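Okay, so here's the structure we're looking at.
The values are calculated or read from the model by the stated rules, or taken from the named source; none is laboratory data. Just so it is clear, the structure is predicted and the values come from calculations on it, not from any experiment. For neighbour counting, all protein chains shown are included, and Cβ atoms are generated from backbone atoms with ideal geometry for every residue, glycine included.
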Amino acid sequence: MPLCNLCSNIPWEKLPTVPPGLPGNLTGHKYIQPILRWPQGVRGYEHHRNLSALRHSALSCDLCNLICSSANNVENQLEELRPKWEANEMTEYDWPTYELFVVKRREGGDGCWVLSFVDGNGPRAERRKGRKGTVGRYVSLSYCWGHSQEFTTTRATMEARKAGITVADMPETYQDIIKITRELGLRYLWVDSLCICQDDRADWEKESTKMLSIYSNAYVTVSAIRAKDSSQGFLGPRSDRKFIELDYTREGLQQNVLVFNLPMKEEFLTRSYINLRDEPLSQRAWSLQERALSHRVLIYGSDQMYFECNQGFKSEDGLYLKAQHNSAGWLERLKLEGKSKKDLFQEWYNTIRLYGPRKLTRATDKLPALSGIAGLYAEKIKEEYLAGLWKDHLVEGLAWQSLGFRRVEEYRAPSWSWASGDGYPASIHFLECVEIAEIIDAKVTLKGSNPFGEVTDGYIKLRAPMEQLHMMTENWNPEVPGHYPYYNNVKVRTAKGNPEGFHSRFDFNFTADDAPEEARKIVKSLEGIELFALLLLINKFDKKGGVKDKGTYHALIVKRVGDTEIYQRLGFLLCDNDDIGREPEKEDREGFSTITLV
């Protein structure tokens, strides 16, 4: 179909760009992203003034038809949200009218050691242990094992693997990575399930400590990010993207260009393109460090391919971003640019926030699956690593908030570590806080030889102010929604503080469907047990750097273990001096409690 007059006259080279720094917020919805205070002077080329005109033109104009499909998605999602809007359960906006403008997008246009290798182009692959000093380029694979875990190297299959493997007998993902390796002209390949003996704990422990070397030394890491299972492969057909072809003239040269819709959520926050959060492999814990430690990553996504290196991120459809995933190269540049340790910690907290909710087949892999990244940070930070926290920053590290959090049954870390559960460990690194607590001693016991791997126990001995807490269960109903999600937690109070109390934040997923039931279970289990607030830090600074009259205390909810001065973390608190009835930051620290957290 030909273009309508409006589309034919779009001045592509003169369009204003989306202004940087526009205030708005991520809604969690695929098609709706409110942007506040868009400057009138850069509204762009005026298109159709309403949806009716757009839909009429879409009958005879390819470009209007493409735009109309996106407008329909927006309208359909708004209709899904209408009941909540009418019930005043959402922020109240006027129901939208439509004005359409065309603007440009903000950004995005335009020595190794050998582990094992694939031998030649024949129908068989061999598992070989690289000799000391052997040099060669190799490919590493990042993928989901899924339920197809039968094709591994074990004690029973070790000799057979060394003798050779028929490629046709391998799962589809393994066959695909062998094709890629051969097409790249390389002979060597590293796949964890084949190169590590899976039922030999000593071999697994030894190899898991080498993740930093394995992925950072690879010539390229291939990420089978679209596949849920090793049997699926990643080179199969992909869904077609709807596009139209337009004649385009620039500087006297005529050419054809492809035009297609882009996802609003990713366009609003371009880092979403890089994170690829909806892909199956992005849900898995091990894959974070496999990608982050690699200097080059070839990513096979559900809709297209991507390439990432230390220069940036590029997609098959032409997207180019100078940003990249949290990576080894990024950390190296931080060091070269002379950035502070504070910058390193900010990136560390961002990393564990991304890592926290990711899934594991074995719950005890929580620390090992991040050990390569932790080892890289340790080289830069130069502090002792204690089950996910850093020894010289323990007070700050203890003050993580549990979002979407669930503790696991298996022991894998002390209660004070974010690694003791799954969820988002939100940190306070962006706040200017003053430490009230004082660390006396801290130690963890490693299960094996990996200093960043599994632990069997650990403790932190510290001196800090404490206040006994009393749960206010009368008239408490966790099923009644509050202003914030954590308001389904029971309120607590102190003996001398505000009698109205303040909300606790126990370590459970208070946004889940079963949150009310879980909240009741927690309160029931704590009947007759003494609870305490362990005060760690205070923030008295507002967003502009001024000093507030009242500070905000960051504290832990803890309970005593037996009749000792040993305590376990149960949750987190934010409170002020009115809530606790004192200002401990002005008191003599010698009067604080000395306890041990486990």
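Please identify the pairs in which a residue from the range 418-436 that is assigned by TED's automatic domain parsing to the domain that holds PHE541 and among the basic types (Lys, Arg) has its Cβ atom under 6 Å from the Cβ atom of a residue that is at pLDDT below 95 and assigned to a strand (DSSP E or B), counting only partners at least 6 apart or on another chain.
Here the result reads none, with nothing in the range 418-436 linked to a residue that is at pLDDT below 95 and assigned to a strand (DSSP E or B).
So, in the range 360-387, exactly how many residues are in contact with a Lys or Arg (Cβ under 8 Å, 6 or more places away or on another chain) and part of a loop (DSSP other than H, G, I, E, B)?
5
So the check is Cβ under 6 Å with 6+ separation or different chains; which pairs have a first residue in the range 298-326 that's among the aromatic types (Phe, Trp, Tyr) and a second one that's in a loop (DSSP other than H, G, I, E, B) and at pLDDT below 85?
Here the result reads PHE313/GLN324, each pair linking the range 298-326 to a residue that is in a loop (DSSP other than H, G, I, E, B) and at pLDDT below 85.
Find the residue count for the range 18-52, including only residues that are at pLDDT below 80 and either assigned to a loop (DSSP other than H, G, I, E, B) or more than 17 Å from GLU99 (Cβ to Cβ) (or both).
Of the residues in the range 18-52, the ones at pLDDT below 80 are 18-43.
Next, from what is left, pick out any that are either assigned to a loop (DSSP other than H, G, I, E, B) or more than 17 Å from GLU99 (Cβ to Cβ) (or both): 18-34, 36-39, 43.
Number of matching residues: 22.
Return the residues of the range 269-314 that are of a type outside the set (A, V, I, L, M), farther than 20 Å from VAL139 by Cβ and in a helix (DSSP H, G or I); say none if nothing qualifies.
The answer is ARG271, SER272, TYR273, ASN275, PRO280, SER282, GLN283.
Which of the strands (runs of 3 or more DSSP E) found entirely inside the range 157-255 contain at least 3 residues meeting this: touching a strand residue (DSSP E or B) at 6+ places or on another chain (Cβ under 7 Å) and of a type in the set (Val, Ile, Thr)? Step through it out loud before you land on a result.
Details: elements: 188-190, 220-223, 243-250.
Result: 220-223.
Check ASP549, ASP563, ASP507, ASP514 and return the single one that is surrounded by fewer than 18 Cβ atoms within 10 Å (Cβ to Cβ), within 29 Å of the chain's Cα centre (by Cα) and in the same structural domain as ILE381 (by TED's automatic domain parsing).
Numbers: ASP549 fails: within 29 Å of the chain's Cα centre (by Cα); ASP563 fails: within 29 Å of the chain's Cα centre (by Cα); ASP507 fails: surrounded by fewer than 18 Cβ atoms within 10 Å (Cβ to Cβ).
One residue alone meets the criteria, ASP514.
Could you please let me know if PHE572 is over 21 Å from GLY421 (Cβ atoms) and touching a Leu at 6+ places or on another chain (Cβ under 8 Å)? Even if it seems obvious, please write down each step before you answer.
Numbers: over 21 Å from GLY421 (Cβ atoms): no; touching a Leu at 6+ places or on another chain (Cβ under 8 Å): yes.
No.
Residue check, ARG406 against (1) within 25 Å of ARG284 (Cα to Cα); (2) at pLDDT 90 or above; (3) crowded, with 19+ Cβ neighbours inside 10 Å, all met but one. Which one?
Condition not satisfied by ARG406: (3).
Looking at THR173, is it modelled with pLDDT of 70 or more and more than 28 Å from the chain's Cα centre (by Cα)? Walk me through it before giving the result.
Values: modelled with pLDDT of 70 or more: yes; more than 28 Å from the chain's Cα centre (by Cα): no.
Answer is no for this residue.
Any chance the range 577-585 includes a residue that's more than 27 Å from SER417 (Cβ to Cβ), surrounded by 17 or more Cβ atoms within 10 Å (Cβ to Cβ), in the same structural domain as ILE428 (by TED's automatic domain parsing) and at pLDDT below 95?
Yes, the range 577-585 contains a residue that is more than 27 Å from SER417 (Cβ to Cβ), surrounded by 17 or more Cβ atoms within 10 Å (Cβ to Cβ), in the same structural domain as ILE428 (by TED's automatic domain parsing) and at pLDDT below 95.
Quickly run through the range 468-504 and pick out the residues that are within 27 Å of the chain's Cα centre (by Cα), buried (at least 18 other Cβ atoms within 10 Å of the Cβ) and farther than 30 Å from GLU565 by Cβ.
ASN488
May I ask you to say which residue of SER449, SER402 is of a type in the set (Gly, Ala, Ser) and not in a strand (DSSP E or B)? Working first, answer last.
Numbers: SER402 fails: not in a strand (DSSP E or B).
When all the criteria are applied, what remains is SER449.
Looking only at residues that are in contact with a Ser or Thr (Cβ under 9 Å, 6 or more places away or on another chain) and farther than 20 Å from VAL598 by Cβ in the range 409-432, which one is modelled with the lowest pLDDT?
First pass over the range 409-432, keeping only residues in contact with a Ser or Thr (Cβ under 9 Å, 6 or more places away or on another chain): 410-414, 418, 421, 423-426, 431.
Adding the requirement that they be farther than 20 Å from VAL598 by Cβ leaves 423-424, 426, 431.
On the way: GLY423: 92, TYR424: 89, ALA426: 87, LEU431: 68.
For the range 409-432, the residue satisfying everything is LEU431.
Considering only the range 423-450, state which residues are in contact with a Leu (Cβ under 8 Å, 6 or more places away or on another chain) and among the charged types (D, E, K, R).
Answer for the range 423-450, where residues must be in contact with a Leu (Cβ under 8 Å, 6 or more places away or on another chain) and among the charged types (D, E, K, R): GLU435, GLU438, LYS443.
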